[in-house]
Each structure stands twice: as structure tokens, then as C-alpha cells.
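What follows is a set of notes on a single structure, which appears directly below.
All of the numbers you see were taken from the coordinates with simple rules; none came from a lab. All values derive from a computational prediction rather than experimental measurement. All Cβ positions, glycine included, derive from the backbone under ideal geometry; neighbour counts span all protein chains shown.
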Amino acid sequence: MKPITLNLDKVAQALEKAAKDAIVEKIPVEGDDHLVVKADQVHKLLETLKNDKNLQFNFLTDLTAVDYMGYPGREGERFEVVYQLYSQANNYRVRLKAEVPEADPKIRSIADLWANADWLEREVWDMYGILFEGHPDLEKHGKIQRLLMYEGFEGHPLRKDYPLKKHQPTIELRTPIETEPDPPYQWTKTEKIEQYGLTDGLDD
Amino acid sequence: MNELAIQIIATVVKFGVLVLGFALGLAGLLTWQERKQSSYMQDRIGPNRAAIMGIRLWGLPHFLADGIKMIFKEDVIPDNANKFLFHLAPILGLSMVLISLAMVPFGGTFNLFGADVPMIIAPISEGILLIFALSGLSIYGGVLAGYSSDNKLGLLGSMRTSAQMISYEVTLGLTLVGIFMVMGSVRLDEIAAMQGGGAWGVFLQPFGFLLFFAAGIAETKRAPFDLPEGESEIVGYFLEYSGMRFGMFMFGEFVEIVLLGMLLTTMFFGSYHVLPWVDVWTPVHAWLVQTLGNTTLAGLITAAGQFAVFATKVAFFCFIQLAVRWTLPRFRYDQVMRFGWLFLLPLSLLNLIVTAVVMLL
Amino acid sequence: MSEETTKSQTTVVEDVGTVPAEAFELQLGPSHPAMHGIVKLDTIAEGELVVGMNATIGYLHRGMEKMCEHRTWDQNVVFTDRLNYVSPTLNNAAYCAAIEKHMGITLPERAVWVRMIVSEMGRVADHLTCVTASAMELGGFTHFFYYIKARELIYFMFEKICGARVTTSMSRVGGQAFDLYDGFEKEWREDVEPQIRELIEDGSKLITRNRIFYDRFRHTGELPLDRCISYGMTGPRLRAAGSDLDLRKDAPYWFYDKLDFEVPSGKYGDNYDAYLIRMEEMEQSLRMIDQCLDKLPDGDVMLDDPKVFQPKKKDTYGHIEGLIHHFKHVMEGVKVPAGERYYAVEAPNGELGFYIVSDGSGIPFRVRVRPPCFMNTAALTEMCIGGQIADIVPTFGSINMIGGELER
């Protein structure tokens, strides 16, 4: 096993130096330390975590979001964007959680720090509707493109107020078919049906 | 019977036996053999379900079933395709190869019914040069196929086809020049006859044989050179073809395999002769003439024997080509070009120079 | 033949919108024989050179994470089968291990060893599939049949254990639902493993030193180490670039610290290195299974705590408490304490992570799967630009993109 040469206090210290009062809460859990931070400082904190010589968090393992609507005893904002980081040199993992309000869910994009943040943030936009300011798609296409859903999908599926079995509007065909649609199936009565008296679904 | 009538009848019979019976039959059989041989190489059973009246025969009727199925398939032509070229391409692909079959000898010359009948459908004086010309034309089949279908992947396939085939034609030609120099003739029937009682081509030009084999496989667009029809990458130049049109391309490919086998046997492996340095057929024919007293019958029996030997050798080479196809992965485009121009071509030139030097000495 | 396939000048065109002159757009579309797992690649190519690419995914998105929020913890194991559907046992084990770590429960030893055995078998199956799919797409069909036969032997054993080849659902919170059957060790040691080794050897003879295969794979899909790390890639592709990051060695979980194995790493970060690493990892996995079978203790694979693990059938039908526990377990689920946890294992593709958020009830609040091939596929465009169209196919094969995992 490679030695773990960091702990939550050292990380918190370095982050305090980088951005004052950015850390809202420190939660040390064995093997799974995490911090709750302020959303507007996230980019600065992550930049520190990546570039600081002692910290060297070179892997952005995961970037996701959680919708806390309906969580019992929740006092913070509705959304939380979660950044999971890993430092290969120190063999240490840390998680940063940034609270994002429901009214105007926005947070600054970190696509300039790590290359996979591009797709990860697209997925969070797709699933939750959290806008990432400065995302490369905004310059190229004017809006963040959806990743897993198709274009023309309405809504953000992983939000808690999106029902599990919601129907989407039908997408029009690109080239409309010129033939007539098939006529509805004509059920025919057979003797067996008459014999057994089965009339469910038959148009008389 | 006058000579012309005999020649005409003989040509028709030769056409029926060699082209229809042997070449096309073998090509059709190869479609089945490819699947069966590959399955035995890959530790599985392969097609064994088709049966004619209950007789399975290891799945042989599959090739009939495939042919019939293809004829009955719907013929889809893309809306924006160039109709004339779309229809022309498979014709070019297949017909040129079939015509080339007429130039391959499968026996010597016999006196049947009082006329000298050569066992070759079209004994023209240009010999193999005409085969080259026709295979040059058959390149158009592949090129036009992808170009005329309104499809970028098809276009890529045709571009690759044209480049690959033109490159390997050069090597093919140059290796054959070695044979011409050694045998002293361009005519295939003379080359075949010269190998009776003498050394076979492979002993005179061993290196040329390998080069010709490699370039030949590239010409037939079989693996490892099958990137024009690279099935899993860009589907190929015949992407938009369906039904029997596609069948014509596939069939043309299998006939090309047979043709390559025929050319290899004719030029390098003694064609219809049984052993190198020992002429078997001349004494056999003489003995038959003596015992039977009838040159026609003797000639027919000898011709049949020569044809059988020829057919066996061709079948063997087809088997080898199929085995190569199922063993090797396919090249990338620039690797094919590099291989053809920077490797095979200099080697064939070297082969030519060495042959010339050895002949001078 | 020259040794190096010289790549054309690398022109990384970021913006696919402005098309350079003489270029054409080629869509290696969703229905394509080589895009298994379904990815649409809009390529802009000049002749054979790829100058721009845009990858579109989402053709297999099934809403797993949303569905997980409406089913109990144990019912979600079924969804994890369908993530990396070639090595399902490993996904099941990882998900259950994440919950168990969060709850702080210790499993019986045999359960963990059995998890390791089936996980390593899944790893071998995954590497077999990845290697042979890329060989098949290059035209080496014979290799495909040999390795698929080897994979079939592994799937036969899964079927004998749990009744299903791919949708195994072997793990539950608190242990394994299916123990190894009697005669598993004998069959593995005497029958299956020698056959698998022989087939791997046969396939390797066909392509490892084959000049054609080498030319197709060497120096194609290269990505230097710093870019790999920036993409968060893990697994064989990262190790091909020169790193030796492997969670089984750096942060051993379960009983991997008791096993003796090596972690191969490459040099160039191209497809050929990834291929060699996968071949070597298969060998190491077979070694590991051997050691696990040696060390396998007797005992039960199911935790004896009725609050966590569904009671055995004789208790359910025998005692009233068993029945009640069974009822509550099925209707309400395992009560996982409130909180969150991120837990990662080394899947065949890289780091498979589960981020679970619980609100204290038997139904998860959020289950996030950190898919390893997501990062690989995000890097696909950068790997392919500057190469040729014909290089896309081996590159795509070697990132081992499994649609179920990429898009959940």
C-alpha cells in the first residue's frame, strides 16, 4: 500500500490561505474526507488543489451533482455540485461540495483545469440544469450541449421534481414520410372467439 | 467434318467445361468453402443446415441457397446515385474476370476428329498481356461502384480500391516479365507446354512466385489487402448495392481467386503437368494412341487427365488463399501503399535484374 | 518496410464548425460495425487524415441513476449488472462494497474471497472481449472465435454459480447471494483454466508478433501521460502511458494486499501498449484466482445479520422473526444510515467508483456511478485527431468503451 501523506487539516489549511472563508464545513471520515465550500470560490480552490506543490491533486476523478430536495433535515441550498479529487503523489482523496441555489443554478466551469471536466459538466447540465459559466460549449455553440439526452429533450431528468415516468413530446421526423400511415388493424372474429365469447378489444 | 465446325464445337465444349463447369462452379463452391474452411480453422462447425431433399452433404447446398436468396432480394438503388455508372460497375467487375478465364490453358494441343484443338478457349498471341489489360479494366468496376453510390464511405472505398489495385498491378507485371524472360514467350499455352519435361516456373523464379502471389492477393482485394471492402471499418465500395448486384461483386471476387490460382499454376507450377523435369503426358498420349488406335479418343482421355491435374492444383491454391484470408488482419491504407511501392516494387525489379544477369551467364 | 508509421502533422482542430478547405465530413454513424456500444463520430477528414472530430454519445442511456432512487438498495444490484455488462460480477461487488463500507459492517471472510474470485474472472472476460473485438474489427476473425470460446468458458461457470451469464446479480449488501458450487475449484483448475490459457496462447500467437497487427496498433491513438491524467483516465490506457496507478496496489481493498501480483505499465501510451498490458493483466488475474482458491476459507458467504441481509429461506418460512425481517427487507430495504460515501474499485477499464448518498431509509437518495470508460471516451477525439480514418477503429477498440457503463 502506498503511504498517504496528506490529511484533511493540511488541505484545509492550504485552501484557507488561497481563499479566505471559502470552507463552510470540514467533515473528516476515514478514507472519505470531504469539505463543503462556497460555490463562488470553487474554481480558485480547485486551482490551488491542482497546482500547489504540496497538494498535487492531479486527477479529477468525478464531477457530479446531487439534488437535495426532500432530504430530511436539509438546511442548505437545493443543489450541490460535488468534485471528487485524487492526488496520485500523496495517494489521498478528497471531496469538495459546493452548494448551488435553486433559483439561479450557476457555477464557474473548471474545464480549463482538467480536460474531462468538459464532458462531466455537460452531463451535469443535462441531468440537473446547472449552468457552468465559461464552459467551452458556450463560446462554440451558445449553450451547453446535452450529453446523454437527445437534442430536443425538455427538462432535466435527475431533478427530484422530474417524475420517473414522464412522457416527452414526440419529435417530428426530419424527412416526413409521404405514404399514408397503416390503417388500424382489423380484428376478425373466428369461430373460436364466438364459441368462447371473447370480445375484448374487438371492434364490432 | 470440316475444321471450322470442329473448332467451334470444341470451343463451346471447352467453354462449357472450363468456364461454366470448372471456374464458375469452383467459384460458387468457394463461397461455401470459405465459410466451412474458416469454421474449421476457428474451431466451430460452420454452415451445415441447407439440404437438398434431406441430403445435407456438409452444407454444400448453401451456395445454391445463397445464390437463389440473392436473386430474390430487393434491388435498392439510392435516389441520388448516378444510375448509368451504378448499373455499369458490377458488370465491369465481373465480366472482365470472366473473359480472362478464356485465356488460360488447361491442356496441350490434341488432334481431335482430324483438327488440332488446343485446350485453351482463346489462344491469342498476346497471351497474358490481354489478361492484364482486362484486369486493368476491372479496376473500374470497383472505382465506379463507390463513386456512383451517393455515399462518402463508398467513395472512400473506391479511392482506396483504385490506388491499391493500380499500385499492385505494377508489381504483377514486373514479376511476370521475369517469367517471360525465362520461358521466352508471352503466350500462356506455350509457357504451359514448356514446363513439361523442364523445370517448373517456381524453380526458375522462386522469388518471383512469392511476389506474384502477394501482389495477386492484393489484386483480388482479399485479406490482408481487403481494406477497400474493409467490412468493419468503412463498409466498402459496394456499400449501396443489394441483392444480385452485390452478388456479382462477390462472385467476381471469387472468380478472381480462381483466376489467380489458374495463373499461378500455369506460370509457376507446371499447369497440367504432373511432375517437374518429367514429361508424363507425351508418353501417356503415345501409349493411348497405340492401344486405342484412335487419336481422338486418346486425345480426349489425355485432355481429361490434364484437366484433372490442372483442376487439383488450382483448387489447392484457392485453399491457400482462403487460409491466408482467415489468418491475417488487414493493413491500413498507407501501409498497403508503402508495402506495394517501397517493398514489392523494388524487390520485383531486383528479381528482374538478377534473372537477367543469371540468364546472361 | 519502414519501422515507424510516421503520423502526419498533428493539427488539432478544436472548432469543428469551420471546415478547412478540401476537407469532407464523414459520419461514422451510430450504426457502424466498429462502433460497438454505439457512438456517433462526426469526423472531418482531409483524404485519410482526421482533422476534426465530434463524438456524440447517449444512445444507450437508460436512466439508471434515476431508477436507483426509486428502488431499494438491494434491488439496485440488478442495475449494476448492466453497467459493464462484460464483467458484471465486479460491478455488483463494488456497489455492495460501497454500501457496506458506509455502514461499517464487516463481511464474513469467505464472502470477500468469493467476491475477489468472481471479480477477477470478470476482469479476464472483459480483457478477452476488448482485445478480440479490436482484432476482429481489423479483420482477424479467427482470433475472435478463439477468445470468445475462452470467454464462454468463464460465462459457463457464472451460469453454474448463479444461473445467468451476464446479468449475474451475485452480490447483496452483506455478502454474496450465491456461493461457489461444489466442484468449482476442481473444474477451474483442471478443466477451464488450462483451456483458457491455451486459447489465450493460441490467439496471442496469431497477432502479438504479427507485423500487420503491430503496424496497425503501434503509434496509433497515442496520448501522452499528462493528457491522460488531465482526462482522468485510469486503467490499462493510463498504465499504457507510463503510470502504474492501480487501486489494488495503491489502496488495497478487500484482501488484495494478501495476493502476489504485478501491475504492468507501458511506455508510449498507444494502442499496442494497451493491448500488451491487457494480455499481461489477464495472466496476472489468472494467477490471482489461483491464489484466492488456495486461500479460500470455509464458512458462509452471507452475513448473519437479519437487519442487513435477507434471511435464509428456512428462517423465512420457519420462524416468524425471519418472515418479518424478510418482509421489511423486501418492502423497505436495508436501512443505510444517512450520509454519503465515495468508494472505488479497480475495474478492467479503470477506476469504477460509486458515490452514494443516503437519507437513512431503505431507498437510496442518490447513486452516482463514476464510469471508467467515460474518461477514455472523452479523450477519444484527441487521440484520433491527427491520425488516419483507419486508425479510429483500433483506437476505439482499445479504449474498451462499453455502452452500458458509459451511459448508464
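Only residues that are on the phi < 0 side of the Ramachandran plot, touching a strand residue (DSSP E or B) at 6+ places or on another chain (Cβ under 9 Å) and either charged (D, E, K, R) or more than 9 Å from chain C (Cβ to nearest Cβ) (or both) were counted in the stretch A:122-142, giving 10.
None of C:Asn54, C:Asn91 is assigned to a helix (DSSP H, G or I) and among the polar types (S, T, N, Q) except C:Asn91.
Of the residues making up the stretch C:247-286, those that are more than 14 Å from every other protein chain (Cβ to nearest Cβ), in a helix (DSSP H, G or I) and farther than 26 Å from C:Val393 by Cα are C:Gln284, C:Ser285, C:Leu286. Taking the criterion of being basic (Lys, Arg) and either within 8 Å of another protein chain (Cβ to nearest Cβ) or part of a helix (DSSP H, G or I) (or both), the residues of the stretch C:130-171 that qualify are C:Lys149, C:Arg151, C:Lys160. Only residues that are assigned to a helix (DSSP H, G or I) and either of a type in the set (A, V, I, L, M, F, W, C) or within 16 Å of A:Asn58 (Cα to Cα) (or both) were counted across the stretch C:195-237, and they come to 14. Looking at the stretch A:113-120, can you tell me whether even one residue there is over 30 Å from A:Pro3 (Cβ atoms), within 9 Å of another protein chain (Cβ to nearest Cβ) and not β-branched (Val, Ile, Thr)? Checking the stretch A:113-120: at least one residue is over 30 Å from A:Pro3 (Cβ atoms), within 9 Å of another protein chain (Cβ to nearest Cβ) and not β-branched (Val, Ile, Thr).
Regarding A:Val124, is this residue among the β-branched types (Val, Ile, Thr) and part of a strand (DSSP E or B)? Spelling it out, it is not the case that A:Val124 is among the β-branched types (Val, Ile, Thr) and part of a strand (DSSP E or B).
Is it true that some residue in the stretch C:263-273 is over 27 Å from A:Tyr92 (Cβ atoms) and surrounded by fewer than 19 Cβ atoms within 10 Å (Cβ to Cβ)? Within the stretch C:263-273, one or more residues are over 27 Å from A:Tyr92 (Cβ atoms) and surrounded by fewer than 19 Cβ atoms within 10 Å (Cβ to Cβ). Of the candidates C:Asp202, C:Asp215, the single residue that is in contact with a Phe, Trp or Tyr (Cβ under 7 Å, 6 or more places away or on another chain) and farther than 26 Å from A:Asp118 by Cα is C:Asp202. For the stretch C:224-246, filtered to residues that are at the interface with chain A (Cβ under 10 Å from one of its Cβ atoms) and among the hydrophobic types (A, V, I, L, M, F, W, C), the residue that is farthest from C:Thr106 (Cα to Cα) is C:Cys228.
Got at least one residue in the stretch C:341-364 being within 10 Å of another protein chain (Cβ to nearest Cβ), acidic (Asp, Glu) and touching a strand residue (DSSP E or B) at 6+ places or on another chain (Cβ under 8 Å)? For the stretch C:341-364, residues within 10 Å of another protein chain (Cβ to nearest Cβ), acidic (Asp, Glu) and touching a strand residue (DSSP E or B) at 6+ places or on another chain (Cβ under 8 Å): present. Any residue in the stretch A:71-87 that is closer than 29 Å to A:Lys10 by Cβ, touching a Phe, Trp or Tyr at 6+ places or on another chain (Cβ under 7 Å), in a strand (DSSP E or B) and in contact (Cβ under 8 Å) with a residue 60 or more places away in the chain? Yes, the conditions are met somewhere in the stretch A:71-87. Among the residues making up the stretch C:200-213, those that are over 15 Å from C:Arg278 (Cα atoms) and not basic (Lys, Arg) are C:Asp202, C:Leu206, C:Asn210, C:Ile212, C:Phe213. Of the residues making up the stretch C:319-340, those that are surrounded by fewer than 13 Cβ atoms within 10 Å (Cβ to Cβ), more than 14 Å from chain A (Cβ to nearest Cβ) and closer than 30 Å to A:His34 by Cα number 1.
Out of all the residues in the stretch A:73-92, which are away from chain C (no Cβ under 11 Å) and of a type in the set (Asp, Glu)? Once the filter is applied, which keeps residues that are away from chain C (no Cβ under 11 Å) and of a type in the set (Asp, Glu), the stretch A:73-92 yields A:Glu75, A:Glu77. Comparison of B:Ala218, B:Ala192 shows that the only residue that is assigned to a helix (DSSP H, G or I) and touching a Leu at 6+ places or on another chain (Cβ under 9 Å) is B:Ala218. Exactly one residue out of B:Gly299, B:Gly293 is of a type in the set (Gly, Ala, Ser), more than 14 Å from every other protein chain (Cβ to nearest Cβ), loosely packed, with under 14 Cβ neighbours inside 10 Å and over 24 Å from the mean Cα position of the chain (by Cα), and it is B:Gly293. Taking residues in the stretch C:205-220 that are more than 7 Å from chain B (Cβ to nearest Cβ), and partners anywhere that are of a type in the set (D, E, K, R) and in a helix (DSSP H, G or I), the pairs with Cβ atoms closer than 8 Å and at least 6 places apart or on different chains are C:Thr220/C:Asp391.
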